[in-house]
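The values are calculated or read from the model by the stated rules, or taken from the named source; none is laboratory data. These numbers come from a predicted model, not from an experiment. Note: ideal-geometry Cβ built from the backbone for every residue, glycine included; neighbour counts use all protein chains shown.
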């Protein structure tokens with residue numbers, strides 16, 4: 001009997017801690033803010049986005065680009081040394097590189113629905129864990145908001161999602177606090193941020209973006 005009581009109490013605490021709380025006067029869409037986390041899907045989307053961010057501008061000279069080697073370094077036979085046809089060979093010092101990484105394309109493709117699903121999962125996870133808050137961002141209180149955010153995030157990396165350009169300017173030189181607009185933020189932004197603050201004015205924009213038009 002004692003075990004059953006402890007189990008019921010624990011279940012109530014877990015249910016209470018994972019309950020999604022919406023801002024006052026606003027209803028959150030559970031299809032976006034209450035999605036079960038799938039780490040494999042998030043990792044796949046993150047891998048694709050990081051690969052697409054690679055520039056692939058590494059450059060090296062192949063044996064066709066290295067200068068010299070217009071003649072055979074020594075005759076084919078009779079010297080006692082290995083035969084060589086050009087000093088441009090990768091076997092030689094200052095020779096060309098065998099497999100040059102020039103113009104390498106790192107881009108990969110991923111389904112748009114998977115990207116949206118991964119964003120919903122991360123938003124839901126941050127909200128359930130208490131690391132996502134909804135705030136009314138006011139232009140007049142930009143300076144106060146900056147102080148509030150700095151104190152709230154502390155040494156933890158944070159993210160502010162808003163369309164307010166004044167907030168963006170005020171946070172431009174704040175360390176470990178990133179700013180993103182609701183139509184652009186990605187899985188990478190959410191992964192980096194330990195705490196997230198969402199402007200109440202952009203909640204509908206986020207839901208419209210991630211609701212697949214439904």
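Quick look at the values:
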item	result
Breaking point among (1) more than 24 Å from the chain's Cα centre (by Cα); (2) touching a residue at least 24 places away in the same chain (Cβ under 8 Å), for residue 148	(2)
Residues that are under 52 Å from the mean Cα position of the chain (by Cα), at pLDDT 90 or above and surrounded by 12 or more Cβ atoms within 10 Å (Cβ to Cβ), drawn from segment 60-86	60, 61, 62, 63, 65, 66, 84, 86
Residue 163, sole failed condition from (1) in contact with a helix residue (DSSP H, G or I) (Cβ under 7 Å, 6 or more places away or on another chain); (2) part of a helix (DSSP H, G or I)	(2)
Residue 178 being at pLDDT below 95, touching a helix residue (DSSP H, G or I) at 6+ places or on another chain (Cβ under 9 Å), over 24 Å from residue 39 (Cβ atoms) and in the same structural domain as residue 32 (by TED's automatic domain parsing)	no
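The rows are residues; the columns are (1) on the phi > 0 side of the Ramachandran plot; (2) in contact with a strand residue (DSSP E or B) (Cβ under 9 Å, 6 or more places away or on another chain).
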{"position": "150", "(1), (2)": "no, yes"}
{"position": "162", "(1), (2)": "no, yes"}
{"position": "173", "(1), (2)": "no, no"}
{"position": "176", "(1), (2)": "yes, yes"}
{"position": "180", "(1), (2)": "no, yes"}
